[in-house]
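Visitor: Once you've had a glance at the structure underneath, I'll fire off some questions.
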Amino acid sequence: MKKVIFVDRDGTILSEPLDEQIDSFEKFEFVPGAISGLKAVTGLGYEIVMVSNQDGLGTDSYPWDAFLPTHNLMLKTLEGEGVTFDDILIDKSFPEDNAPTRKPRTGMLGKYLDGSYDMGASFVIGDRDTDMQLADNIGARGLRLGELDWTQIVEEIRSSARSAVIARKTAETDIYVRLDLDGNGESCIDSGLKFLNHMLSQLVHHGGISLVVKCKGDLEVDEHHTIEDIGIALGEAVLKALGDKRGIERYGFALPMDESAALVLLDFGGRSELVWDVVFTREYVGDVPTEMFRHFFKSFCDAAKCNLRVETAGENNHHIAEAIFKAFARSLRQAARRNVFSYELPSSKGML
């Protein structure tokens with residue numbers, strides 16, 4: 001489903017003068033952080049829509065022509081910084097008109113409330129009670145300027161954008177994965193395999209993520225489908241949560257554990273490859289066949305479109321497996337780390 005960010009104008013993008021009418025260049029001034037903030041949330045997969053109450057636009061008292069020069073200057077300035085609006089909605093009524101189009105009423109929003117937009121994943125940015133009431137009325141999240149500055153607003157939106165839900169149901173497994181790369185939310189692992197639960201929990205503790213995995217698999221057949229399909233679903237979730245990958249670190253980590261050691265090199269470069277230099281001397285660790293660890297990571301790589309190199313040394317098979325998952329978690333944490341104000345794609349190719 002599509003997502004949208006509704007942004008108020010006066011007091012949120014432009015500083016609001018005492019008479020609340022930006023009808024001359026002398027009154028024209030951007031709110032600190034607004035330009036860089038709007039640029040930072042551009043390209044995250046949201047439509048950006050301006051929604052503004054402007055008392056009496058088009059009337060004799062406040063003719064639209066008086067506002068056009070400053071309005072157009074704002075749009076031109078933002079466009080020069082790479083910020084454009086997908087839609088601009090301006091209500092021209094007075095408060096006493098009780099018009100259905102006036103915020104916090106939802107009459108202006110029209111097509112955005114037809115069910116094709118995920119309001120629960122959308123935002124309203126504004127500086128007034130009416131903006132926050134609008135957010136409540138449409139089921140979106142309200143971010144109030146004044147309680148938050150533009151830097152904090154950007155952090156909230158960009159962090160929320162790094163989450164994903166994958167529901168994958170086949171004749172062999174029924175899997176639900178919810179992932180947040182920035183660790184905002186609960187974690188619960190129930191794969192049906194106790195040792196796999198233990199390994200996946202390492203991703204939470206050492207990867208700095210929140211993760212919910214629920215799987216009902218055909219374990220009466222064997223463990224293969226459960227482990228493979230969880231790897232696929234987790235990889236799909238990571239790929240989706242990474243979004244356009246701008247500002248991420250991209251690359252990987254190494255880790256020792258007791259007598260064992262694991263080297264995990266990770267690259268979210270958009271291509272899939274697994275190099276697996278691991279030797280297990282037991283058929284099972286706990287309730288997981290050791291041959292399935294390689295298959296889990298191969299499934300993840302294919303779904304996440306990443307390169308992964310895993311090398312180990314050691315004697316205790318439990319330690320080897322755990323070292324791999326911990327090193328992978330740390331590698332994921334490092335590679336997915338993002339500077340929220342970095343717009344650079346970590347590739348000379350111009351795409352990942």
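Visitor: Just one of 167, 171 is assigned to a strand (DSSP E or B) and either out of contact with any strand residue (DSSP E or B) (no Cβ under 7 Å at 6 or more places or on another chain) or of a type in the set (Gly, Ala, Ser) (or both); which is it?
Guide: Result: 167 is the single residue among 167, 171 that is assigned to a strand (DSSP E or B) and either out of contact with any strand residue (DSSP E or B) (no Cβ under 7 Å at 6 or more places or on another chain) or of a type in the set (Gly, Ala, Ser) (or both).
Visitor: Looking only at the stretch 111-137, count how many residues are at pLDDT below 90 and not in a loop (DSSP other than H, G, I, E, B).
Guide: 2
Visitor: Of (1) touching a Lys or Arg at 6+ places or on another chain (Cβ under 8 Å); (2) in the same structural domain as residue 107 (by TED's automatic domain parsing), residue 185 satisfies all except one. Which?
Guide: Of (1) touching a Lys or Arg at 6+ places or on another chain (Cβ under 8 Å); (2) in the same structural domain as residue 107 (by TED's automatic domain parsing), only one is false for residue 185: (2).
Visitor: Here's something else I'd like to know. Can you tell me which residue within the stretch 229-258, out of those that are of a type in the set (Gly, Ala, Ser) and in a strand (DSSP E or B), is modelled with the lowest pLDDT?
Guide: For the stretch 229-258, the residue satisfying everything is 254.
Visitor: Moving to a separate point now. Going through the stretch 53-87 one residue at a time, which ones are at pLDDT 90 or above and either part of a helix (DSSP H, G or I) or surrounded by 14 or more Cβ atoms within 10 Å (Cβ to Cβ) (or both)?
Guide: If the condition is that a residue be at pLDDT 90 or above and either part of a helix (DSSP H, G or I) or surrounded by 14 or more Cβ atoms within 10 Å (Cβ to Cβ) (or both), then 73, 74, 75, 76, 77, 78, 79, 80, 83, 85, 87 are the ones that fit.
Visitor: Against the condition at pLDDT 85 or above, touching a helix residue (DSSP H, G or I) at 6+ places or on another chain (Cβ under 7 Å) and not acidic (Asp, Glu), how does residue 41 come out, does it pass?
Guide: Yes.
Visitor: Report every pair of residues separated by at least 6 positions or lying on different chains whose Cβ atoms are under 7 Å apart, first residue within the stretch 259-277 and within 17 Å of residue 295 (Cα to Cα), second among the aromatic types (Phe, Trp, Tyr) and modelled with pLDDT under 90.
Guide: Matching pairs, first to second residue: 264/253; 266/251.
Visitor: Given the criteria buried (at least 20 other Cβ atoms within 10 Å of the Cβ) and at negative phi, does residue 252 qualify?
Guide: So residue 252 fits the description; yes.
Visitor: So, of the residues in the stretch 213-249 that are free of Cβ contacts under 8 Å to residues at least 40 places away in the same chain and in contact with a Leu (Cβ under 8 Å, 6 or more places away or on another chain), which turns out to be surrounded by the fewest Cβ atoms within 10 Å (Cβ to Cβ)?
Guide: Checked the stretch 213-249; the qualifying residue surrounded by the fewest Cβ atoms within 10 Å (Cβ to Cβ) is 219.
Visitor: Go through 200, 181 for me and flag whichever is surrounded by 21 or more Cβ atoms within 10 Å (Cβ to Cβ), at negative phi, out of contact with any helix residue (DSSP H, G or I) (no Cβ under 7 Å at 6 or more places or on another chain) and not polar (S, T, N, Q).
Guide: The match here is 200.
Visitor: With (1) hydrophobic (A, V, I, L, M, F, W, C); (2) part of a helix (DSSP H, G or I); (3) at pLDDT 90 or above; (4) closer than 30 Å to residue 44 by Cβ as the list, and residue 195 as the residue in question, which single condition is left unmet?
Guide: Unmet condition: (4).
The values are calculated or read from the model by the stated rules, or taken from the named source; none is laboratory data. On a predicted model such as this, the values are computed, not experimentally measured, just so you know. With ideal geometry, Cβ positions are generated from the backbone for all residues, glycine too; neighbour counts draw on all protein chains shown.
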